[in-house]
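Trainee: This is the structure I want to talk about, given as structure tokens.
The values are calculated or read from the model by the stated rules, or taken from the named source; none is laboratory data. Just so you know, these numbers come straight off a predicted model, no measurement behind them. Here the Cβ positions follow ideal geometry from the backbone for every residue, glycine too, while neighbour counts run over all protein chains shown.
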Amino acid sequence: MSTSNAPTLAVLPVANSDAAAAAQILQPSGWPAPKGYANGMAADGRIVVTGGVIGWDSKNHLPTGFVAQVRQTLSNIAAILAEGGARPEHLVRLTWYVVDMEEYLSNLKELGQIYREIFGAHYPAMALVQVVRLVEKAARVEIEATAVVPR
């Protein structure tokens, strides 16, 4: 008889009761708690997906600077989610593409504040990738989002 050495998995409901119907945080037992993201999410419902979103405003103006672009990008994602009947607490995944990892890391505190202003204290599974460049040359960040709206 063999036994598995795989970690046991904790399935934690998200804080908001409405979103809890759609999403659960997946946290293997014994793993350190992540800060500002979840290791995994499980969800059941209608999927709302964005493309790669950058920080353009409604007039196609891209703000100067990484932090300003992140603020507008997250606001744009919130607007797309709302259009699809989703809210920030329905997010299950964000994938960030940045052209300068050091620019991201040196602004973590301010980025966290902006994130919480727009999305609250809901932290889905996230990935962060440094890329050589984005399609829009002046863009410093592009983010893809996936949300699951409860049935």
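Trainee: Looking at Ala86, is it of a type in the set (Gly, Ala, Ser) and crowded, with 18+ Cβ neighbours inside 10 Å?
Mentor: yes
Trainee: Here's something else I'd like to know. Assuming Val11 fulfils every condition listed in (1) assigned to a strand (DSSP E or B); (2) more than 22 Å from Val135 (Cα to Cα); (3) at pLDDT 85 or above apart from one, which condition is it?
Mentor: Of everything listed in (1) assigned to a strand (DSSP E or B); (2) more than 22 Å from Val135 (Cα to Cα); (3) at pLDDT 85 or above, Val11 misses just condition (3).
Trainee: Could you count how many residues in the range 120-151 are within 22 Å of Asp44 (Cβ to Cβ) and surrounded by 15 or more Cβ atoms within 10 Å (Cβ to Cβ)?
Mentor: 12
Trainee: Let me ask you something else. Please specify each residue of the range 93-151 satisfying the condition of being free of Cβ contacts under 8 Å to residues at least 40 places away in the same chain, in contact with a Leu (Cβ under 8 Å, 6 or more places away or on another chain) and small (Gly, Ala, Ser).
Mentor: If the condition is that a residue be free of Cβ contacts under 8 Å to residues at least 40 places away in the same chain, in contact with a Leu (Cβ under 8 Å, 6 or more places away or on another chain) and small (Gly, Ala, Ser), then Ala127 is the only one that fits.
Trainee: Among (1) modelled with pLDDT under 95; (2) closer than 23 Å to Leu128 by Cα; (3) in a loop (DSSP other than H, G, I, E, B); (4) of a type outside the set (A, V, I, L, M, F, W, C), where does Gly51 come up short?
Mentor: (1)
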